[in-house]
Amino acid sequence: MSGSTPGIVYRTKKDVMYVTRDGASWRSELVDAVGIETYIEAPTLRFGPTGTPFVSYADETNWGKSYVARRGAEGWELLPYLDKPYELVMALDPSGVPEVLSTQAGGVFHTVARDGMYETDLVLSSKTEGGTVGVGLPALVIDAQGGRHVALRTAQGTLFYAHDAELSWTLVEVASGTSEVTPDIALDERGQVLIAYAEASQHAALATVSAEGTVTTTTLGAEPARRLALLSAGAGDWFVAWYPEAEDADTWHLTYPDGRDTQLQGPEAVLAVADGKLHAVYLQQHGFPMWDVCYATRDL
């Protein structure tokens, strides 16, 4: 889901699906069918400058590949960005060119297609003397000038902000001892970096990083957080949603800038603002292993 474009992407065990809203109803279409004996990493959906949807995902069939799919007049075109099925996230540059971050062998790598060729560079390596330690799934956003901004967490719990200048990456340590929760990243209307993450206590937190690299952190809630969703809505507004690791294990807590709180159901969520409303997509379990893909709106 992105901005005013009513689109959702999700995965089943064997399919990647794209869903759009047509008035009061929903229309679904298949992006890629990869067979029943596979697992597809959670896909990412982004929209180009003209509204073209792009979906990134990994296909583990027959050792598989990592793809970016682009929807055109003849259907979905599959672009094999990486030759193995890595965990990956995607963002689009200002001209609509997809760029991906992938986790490989203890490192985070950036890949972009230029003139039909794929260029890959290393953002961060967490290799240490005597072995390799893991690095979590990163988050990526690209600004209006094409600058790349990344939030990533090493297995030792150090959260970094990375940004590039002509594909030379600069790292800023945001927090140490963070819990094993996937962060999210966004830019506000002034270009300031916002990063949602979980502290060592697993409490949701928000970090801001100034252009000079100064980091300010704020604890958002007392509920332990799992996966986080962050949205910068302009005019100084931002929203963070998280799924708590608690007895009430199906509840998302959504915190507004003024401190208001609401709840949604399910273990994943995506946020967007359009037409004066906050839009959320989330999953709700109804009998293992079945899940419903749900959509909700709320006035700002």
Checked 175, 198 against criteria (over 30 Å from residue 277 (Cβ atoms), crowded, with 20+ Cβ neighbours inside 10 Å and either in contact (Cβ under 8 Å) with a residue 40 or more places away in the chain or out of contact with any helix residue (DSSP H, G or I) (no Cβ under 8 Å at 6 or more places or on another chain) (or both)); the one match is 175
Of (1) surrounded by fewer than 18 Cβ atoms within 10 Å (Cβ to Cβ); (2) over 30 Å from residue 192 (Cβ atoms), residue 157 satisfies every one except (2)
Picking from 296, 211, the residue that is modelled with pLDDT of 75 or more and closer than 21 Å to residue 189 by Cβ would be 211
**Asked** In the range 66-73, is there at least one residue being among the hydrophobic types (A, V, I, L, M, F, W, C), farther than 24 Å from residue 164 by Cα, assigned to a strand (DSSP E or B) and modelled with pLDDT of 80 or more?
**Response** yes
Discussion item. If I filter the range 203-223 for residues that are buried (at least 18 other Cβ atoms within 10 Å of the Cβ) and assigned to a loop (DSSP other than H, G, I, E, B), do I get at least one hit?
Written reply: no
Of the residues in the range 11-28, those that are of a type in the set (Lys, Arg), part of a strand (DSSP E or B) and more than 12 Å from residue 43 (Cβ to Cβ) come to 21, 27
Cβ pairs under 7 Å, 6+ apart or interchain, first in the range 142-153 and farther than 16 Å from residue 102 by Cβ and without any contact (Cβ under 8 Å) to a residue 40 or more places away in the chain, second surrounded by fewer than 24 Cβ atoms within 10 Å (Cβ to Cβ) and not basic (Lys, Arg), ordered by first then second residue, are 147/163; 147/164
Exactly one of 87, 129, 119 is at pLDDT below 90, charged (D, E, K, R) and within 26 Å of residue 202 (Cβ to Cβ), and that one is 87
*asked:* Taking the conditions exactly as written (small (Gly, Ala, Ser) and touching a strand residue (DSSP E or B) at 6+ places or on another chain (Cβ under 6 Å)), does residue 95 satisfy them or not?
replied: no
Expected single match for on the phi > 0 side of the Ramachandran plot and at pLDDT 65 or above among 191, 221, 266 is 191
Every listed condition ((1) at pLDDT below 85; (2) among the aliphatic types (A, V, I, L, M); (3) touching a strand residue (DSSP E or B) at 6+ places or on another chain (Cβ under 7 Å); (4) within 25 Å of residue 275 (Cα to Cα)) holds for residue 58 save (4)
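The values are calculated or read from the model by the stated rules, or taken from the named source; none is laboratory data. The structure presented is a predicted model; accordingly, all values stated were derived computationally and were not measured. Note: ideal-geometry Cβ built from the backbone for every residue, glycine included; neighbour counts use all protein chains shown.
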